[in-house]
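The values are calculated or read from the model by the stated rules, or taken from the named source; none is laboratory data. Predicted, not measured: the structure shown is a model, and the values here were computed from it. Cβ placement follows ideal geometry from the backbone for every residue including glycine, while neighbour counts extend to all protein chains displayed. Protein only, heavy atoms only, side chains kept; ligands, DNA and RNA dropped before computing areas. Shrake-Rupley method; radii C 1.70, N 1.55, O 1.52, S 1.80 Å.
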Amino acid sequence: MTVPSWFQQALAQEPEHRDVVVAGARVAYRTWGPAGAPGIVLVHGGAAHAGWWDHIAPQLTGHRVAALDLSGHGDSDRREEYDPLLWAREVVAVAAAAGLDRPVVVGHSMGGWVAVTVGVEHTADVAGVVVIDSPLNDRPPDEERLRERRRPHRVYPTPAEAVAHFRTLPPQDVVLPYVREHVAGGSLRAVEGGWTWKFDPDFFGTRLRLRDLLPDLRCPATLFRCEHGLVTAEMAAEMARLVPAGLPVVNLPDAGHHPMLDQPLALVTGLRTLLATAAVGASPGR
């Protein structure tokens, strides 16, 4: 397997690992970049973790970037019940703990729902939100698939065997093998008898509908639509109509629902360009 130099260089910029307690649960997060730089918080999708951003965050140069494990995911604690309003509080708490003043919150899939919830419930605390391929479903797409096959995690005898069984939700045909290996490896935890996935299989709970949230979004917002993802052009137009100030759309060519896995450089380019313009981070009403 050939690993490109850009990927190796990104992973060589190892983040600082910290945690903050939110409503009695320890929330793990990692940070890159200098203190005092403009802030970004990256929010993963359902059943994922902060490591999905390890090769993305170091390339957002000129910023201080934090990526968190939502409770029930990654290295964060599990809860008896999961609440999107509480996940939004976790994002704001991580931003404060990382020293980020009014960051841009970037969320993928279910994380996009969380990002919009932050924008609605904590408008004064953020400069803007970016939603990556989060469709107008009644539930996030990754959560819908997991509910369909809800069962305890399987235990694998070795990490290699577990990684071989790593699958995206929803399924995606193209995944760069070196990215897949890194993300899948970071998804595992040791248990009696071997290795299993870190996320809580019961992370489901009451969800706020994206369709209901968007009309109350008052901070700047942008949608990243993946060409082979879940947000159609018609759906993107409908989402834009729901947001009072409009919703600029960045189209990622030849990208599946998980662009950090198949088109990471296009995603980085899109985010860099967006962050360098007034499309996000501008004052509301501009």
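Checking the condition in contact with a strand residue (DSSP E or B) (Cβ under 6 Å, 6 or more places away or on another chain) and acidic (Asp, Glu), which residue from 54, 77, 83 passes? Steps first, answer last, please.
On the way: 54 fails: in contact with a strand residue (DSSP E or B) (Cβ under 6 Å, 6 or more places away or on another chain); 83 fails: in contact with a strand residue (DSSP E or B) (Cβ under 6 Å, 6 or more places away or on another chain).
Residue meeting the stated conditions: 77.
A quick yes/no check of all residues on (1) surrounded by fewer than 24 Cβ atoms within 10 Å (Cβ to Cβ); (2) modelled with pLDDT under 95; (3) more than 18 Å from the chain's Cα centre (by Cα); (4) of a type in the set (Asp, Glu):
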residue	(1), (2), (3), (4)
8	yes, no, yes, no
14	yes, no, yes, yes
19	yes, no, no, yes
29	no, no, no, no
37	yes, no, yes, no
42	no, no, no, no
Exercise for the section: Output the residues belonging to the range 262-286 that are at pLDDT 95 or above and in a loop (DSSP other than H, G, I, E, B). Expected result: 263
Exercise for the section: Name, by its number, the condition in (1) open to solvent by less than 10 Å² (accessible area, probe 1.4 Å); (2) of a type in the set (Asp, Glu); (3) in contact with a Leu (Cβ under 7 Å, 6 or more places away or on another chain) that does not hold for residue 69. Expected result: (3)
Problem - Which listed residue, of 138, 142, 133, is modelled with pLDDT of 95 or more and within 22 Å of residue 209 (Cα to Cα) - result: 133
